[in-house]
Amino acid sequence: MNYFKKILKFALPYKKYGVLNILFNILYALFGTLSFISLIPMLTVLLKQVEPIKEKPIYESANSIKGFLEDSLNYVINTKIDEHGEVYVLGVMVFVVIVVFFFKNLFGYLANFFITYLRNGVLKDVRDAMYKRILDLNLSFYSEKRKGDTIARITSDVLEVQHSFLSILELFIREPLNIIFAIVSMLFISPKLTLFVFIFIPIAGFIISRIGKSLKKKSNLVQVEQGYFLSLVEETLANLKIIKGFSAEKRVLDKFEASTTRFKNYSNNLTHRQNLASPVSEVLGIAVIGTLLWYGGNMVLSGDDSLNGATFIAYMGLAYQILTPAKAIAKASYSVKKGDAAASRILEILETESSIRDLANARDVQTFNRDISLENVSFAYEDEIVLNDFNTVIKKGQTVALVGQSGSGKSTIANLLTRFYDATKGSIKIDGLDIKNITKKSLRDQMGLVTQDAILFNDTVRNNINLSNLEATDEAIIDALKVANAWEFVKDLPMGIDTNIGDSGNKLSGGQKQRLSIARAVLKNPPIMILDEATSALDTESEQLVQKALENMMKNRTSIVIAHRLSTIQNADLILVMQKGKIIEQGKHNELLDKKGVYHKLVEMQSFE
């Protein structure tokens, strides 16, 4: 339960509900025992098991307390019979039994009522903490993880932990109290008979623990496999066009069915072990009940003064009452093991620290005044060197373009400037201040980002554009759309800027989606703009519209343009030609053409005039 204990800290804000649950569980267990004890005087009257006592008994010593209580109850009942008759007294006893059972069930309901707030509160807070961590972790964390596995952890694993909270309280509070109260009452009624119960409990506990020994491992296999097939579903939905286009339906179906088959087999093994808990504990319990019936029955039949028929019936009711909590404890112990396995997967995310964090003395920067400098910057993905001693200065108001073949390190520059990754060596400075000494939020507030793939959400045009400015007015949003050449199609949508654009904006064309992403950057109005191959995925007509939108957006801004189509950067103030993580040429468009070097060859390859 090491992992599960760490999750328990999420219960602290709801501890008052836990205390109330424990209180009402105690009352539930107490009244559960009283519900059987209250039957004894009624059965005694009905069966006329003892001689009536007419004189009030006198308390003599603690050793005779049992006899004193029995005689006192006998005296009270017979006194009332003499006054009101047997039918009246029987009616009162029936009423008392009904009241005791009523309170038992009332307290059981209240215990469940309050634990609901604790369980659902913990569920919410764990999910919130996981989502916050998901947002905080480095992008590199997700390059190694399947999305479906992360989804499984925040859904089914968290639910498993939530269910385990009820099991924990059953395991340590309600059911043990039921057993303790029942055993104390049974000891009071007949210590001889109760000896068999003490023999049963450790034997049953040992057998059940042996059955559940490998449950955590099997539960973990189920949860890992669930994460895998959820990943397959997510990939299928994202890539359905390619799957159909390449007639790969059978291939992906076989892969999915193989995963669900493994999931079925793991689940069967897990469920079989869980299902053993109840019958094993019940069989062991019935064996003890049978022994009690035989031995106790002999005591009654032989006329043993310590046990009469009415008391024996109530005693057996108490003995049988132990079976239900014993079964519940067995099932709860399995549930806790499953919860511990789920907690370990949740904590893997919660305890993973982001390597890109704000320093304790990091500053908030509100303006950009002078330049951006990259000084001896190197970067490697694991063992692969992507940038090697990269140096440049980008002055305020300049448009600087990065060109080169795929893998030359262009996009890495954008990722380092925004601190999606940190440089392996060297430093990046804004106005002479290392970006590691600037808070991530204020750094990114100075930058707008337009990527090759227009990343949009399944929401309205408005909510896609005002991502960084929820207070933006309709006028400001429309102005941003006009700058991005997007208002011409948005105004014709069924509900204008309040039209939902579908999953990933799929109700729109590629060019329309890209212009919306530009409008989002325009509305943010940052001093620094980063354009990562913003037109490379577009057709010629869309490219012209988007390029015009980009030119509108870059006016009076510092822009870093990562370009695939060289026609889009001929007016740049500085073009950096990259190869294998280094700058091999730099200058303006015409200067680089005159050199007849790498840039000239790249232009010729694109048939650029």
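The values are calculated or read from the model by the stated rules, or taken from the named source; none is laboratory data. Since we're looking at a predicted model, the values are computed, not measured. In this analysis, Cβ positions are derived from the backbone assuming ideal geometry, glycine residues included, and neighbour counts consider all displayed protein chains.
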Filter result for ASP149 (out of contact with any Cys (no Cβ under 8 Å at 6 or more places or on another chain), crowded, with 17+ Cβ neighbours inside 10 Å and not polar (S, T, N, Q))
yes
Of everything in region 316-359 that's modelled with pLDDT of 75 or more and of a type in the set (Ser, Thr, Tyr), which residue is surrounded by the most Cβ atoms within 10 Å (Cβ to Cβ)?
SER344
Quick one: in region 435-455, of everything that is part of a loop (DSSP other than H, G, I, E, B) and farther than 19 Å from LEU374 by Cα, which residue is farthest from the chain's Cα centre (by Cα)?
GLN452
Subset of region 480-515, residues closer than 24 Å to LEU531 by Cα, without any contact (Cβ under 8 Å) to a residue 24 or more places away in the chain and among the acidic types (Asp, Glu), comes to GLU488
When (1) crowded, with 19+ Cβ neighbours inside 10 Å; (2) closer than 28 Å to ILE413 by Cβ; (3) not aliphatic (A, V, I, L, M) are applied to ASP364, the one that fails is (1)
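Which one of these is within 24 Å of ASN178 (Cβ to Cβ), modelled with pLDDT under 85 and either of a type in the set (Ser, Thr, Tyr) or in the same structural domain as PHE181 (by TED's automatic domain parsing) (or both): ILE98, ILE37, ILE53?
None of the other options fit; the residue is ILE37.
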Residue check, GLN570 under 22 Å from LEU481 (Cβ atoms) and modelled with pLDDT under 85
no
Sort out which residues of region 381-394 are in a strand (DSSP E or B), over 18 Å from ASP434 (Cβ atoms) and of a type outside the set (S, T, N, Q), and write them in order of number.
TYR381, GLU384, ILE385, VAL386
Residues in region 137-153: is at least one assigned to a helix (DSSP H, G or I), aromatic (Phe, Trp, Tyr) and at pLDDT 80 or above?
no
In region 548-609, which strands (runs of 3 or more DSSP E) lie fully inside it and hold 1 or more residues that are surrounded by fewer than 19 Cβ atoms within 10 Å (Cβ to Cβ)?
574-579, 582-587
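Okay, residues lined up against (1) of a type in the set (Asp, Glu); (2) assigned by TED's automatic domain parsing to the domain that holds ARG146; (3) surrounded by 15 or more Cβ atoms within 10 Å (Cβ to Cβ); (4) modelled with pLDDT of 75 or more:
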position	(1), (2), (3), (4)
ILE173	no, yes, yes, yes
ILE179	no, yes, yes, yes
VAL184	no, yes, no, yes
SER190	no, yes, yes, yes
THR194	no, yes, yes, yes
PHE200	no, yes, yes, no
